[in-house]
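The values are calculated or read from the model by the stated rules, or taken from the named source; none is laboratory data. As the structure is a prediction and not an experimental result, all values here were calculated from the model. Using ideal geometry, Cβ is built from the backbone for each residue, glycine included, and neighbour counts are taken over all protein chains shown.
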Amino acid sequence: MKPTLFVLAAGMGSRYGGLKQLDGVGPNGETIMDYSIYDAVNAGFGKLVFVIRESFEEEFREKIVKKYEKKIPVELVFQELDKLPDGFEPHPDRVKPWGTNHAVMMGKEVINEPFAVINADDFYGRESFQVLGDYLNTLGDSKNHYCMVGYRVGNTLSESGTVARGVCATDQEDNLTGVVERTQVMRVDGKVSYKDENDRWVAIDDNTPVSMNMWGFTPDYFDYSEEDFVQFLKENAENIKAEYFIPLLVNKLIVNGTVSVKVLDTPSKWFGVTYADDRPGVVKRFKELTEKGEYPTPLW
């Protein structure tokens, strides 16, 4: 039973200024997710699931799905504002989707095996997919044993502005003990720093593990999500900007002793297009990787 790669591609990229999931940045117009999928397939993943918005389904099928459907099983699921539990309606003033864990919940009907969750617009590196695929292949039908690829924060920054990162704490056995979402992380006076709740910059070590939204779960995670999401909606009924992030639930499950989450170290350097100014650097990086022979050209 090969693991599934679940790609979160429903965000419209508000800071980037367009549908960045479909932006060609490779030498032959490859998207960032094309490279992720290439690395995942080589790491032993056996199925692709994309979560997108229905409004760009046609374009997504034409530019993305068509490339893969004859090579590997592909499923599409949809994240929309009104995909809520019975008895709930979105606030009339709400515009944005409900966040990453709501997106994950959309995969329940098509995923019945261990699965990885990644962002469509992040480059994770082949080592990360290999270590994640290796771990997921050990899980079988087990429950409550998850994992997360922990990036060294110094390898994940943008030169164009702040980034959001889940700063992680671990125990002596490399199990996750907590994730705190920091929405503004950058180098300040040469040191990696995040802005805290009091609007102050706090420096952290370059090797501090952070979540890049590269998780490994088993299908029981869907049931925990559905149950907890009901409580989240009750608590945030009037908050039109509240988002249901993956770390919100993972933290709860760790604290109450329901699950363990192994943090898998990776030397990979993240890069992506958080801002439009990031794009030229990303194009350059893929050109260099291709010229070094790390990726074929064309990729697929």
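Looking at region 182-199, can you tell me whether even one residue there is aliphatic (A, V, I, L, M) and within 19 Å of His145 (Cα to Cα)?
no
Check Leu264, Leu233 and return the single one that is among the aliphatic types (A, V, I, L, M), surrounded by 16 or more Cβ atoms within 10 Å (Cβ to Cβ) and part of a helix (DSSP H, G or I).
The match here is Leu233.
If the Cβ limit is 7 Å and pairs must be 6+ apart or interchain, which residue in region 253-264 that is under 12 Å from Tyr224 (Cα atoms) pairs with which residue that is of a type outside the set (A, V, I, L, M) and not in a strand (DSSP E or B)?
As it stands, the answer is Leu253/Tyr224; Thr258/Asn144; Val259/Asn144, since those pairs meet every condition given.
I'm told Glu294 meets every condition in (1) outside any helix (DSSP H, G or I); (2) buried (at least 16 other Cβ atoms within 10 Å of the Cβ) except one. Can you identify the failing condition by its number?
Single failed check for Glu294: (2).
Can you name the number of the only condition in (1) closer than 29 Å to Phe286 by Cβ; (2) among the polar types (S, T, N, Q); (3) out of contact with any strand residue (DSSP E or B) (no Cβ under 6 Å at 6 or more places or on another chain) that Ser128 fails?
Status for Ser128: all satisfied but (3).
Determine which single condition Leu176 fails, assuming it passes every other condition in (1) closer than 28 Å to Leu48 by Cα; (2) out of contact with any Gly (no Cβ under 9 Å at 6 or more places or on another chain); (3) at pLDDT 95 or above.
(2)
For region 156-180, give me each residue that is touching a residue at least 60 places away in the same chain (Cβ under 8 Å), farther than 16 Å from Val263 by Cα and within 18 Å of the chain's Cα centre (by Cα).
Scanning region 156-180 gives Thr156, Ser158, Val163.
Filtering region 20-70 down to residues that are among the acidic types (Asp, Glu) and crowded, with 16+ Cβ neighbours inside 10 Å, which residue is modelled with the highest pLDDT?
Asp39
Looking at region 74-93, can you tell me whether even one residue there is touching a helix residue (DSSP H, G or I) at 6+ places or on another chain (Cβ under 7 Å), at pLDDT 95 or above, surrounded by 19 or more Cβ atoms within 10 Å (Cβ to Cβ) and of a type in the set (Phe, Trp, Tyr)?
Checked region 74-93: no residue is touching a helix residue (DSSP H, G or I) at 6+ places or on another chain (Cβ under 7 Å), at pLDDT 95 or above, surrounded by 19 or more Cβ atoms within 10 Å (Cβ to Cβ) and of a type in the set (Phe, Trp, Tyr).
This table checks each residue for (1) closer than 29 Å to Glu113 by Cβ; (2) modelled with pLDDT of 95 or more; (3) hydroxyl-bearing (Ser, Thr, Tyr).
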site	(1), (2), (3)
Ala169	no, no, no
Glu181	yes, no, no
Tyr224	yes, yes, yes
Ala237	no, no, no
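Which one of the conditions (1) out of contact with any Leu (no Cβ under 8 Å at 6 or more places or on another chain); (2) closer than 20 Å to Thr100 by Cβ; (3) in contact (Cβ under 8 Å) with a residue 24 or more places away in the chain does Asn236 fail to meet, given that it meets all the rest?
(3)
Name, by its number, the condition in (1) surrounded by 14 or more Cβ atoms within 10 Å (Cβ to Cβ); (2) under 29 Å from Phe45 (Cβ atoms) that does not hold for Ala276.
The one condition Ala276 does not meet is (2).
Restricting to region 246-261, name every residue that is loosely packed, with under 14 Cβ neighbours inside 10 Å and either part of a strand (DSSP E or B) or among the hydroxyl-bearing types (Ser, Thr, Tyr) (or both).
Selection gives Thr258 alone.
Can you name every one of the strands (runs of 3 or more DSSP E) wholly within region 132-222 that holds 1 or more residues which are crowded, with 23+ Cβ neighbours inside 10 Å?
Where strands (runs of 3 or more DSSP E) fall fully within region 132-222 and carry at least 1 residues being crowded, with 23+ Cβ neighbours inside 10 Å, they are 145-152, 163-170, 176-188, 191-195, 209-217.
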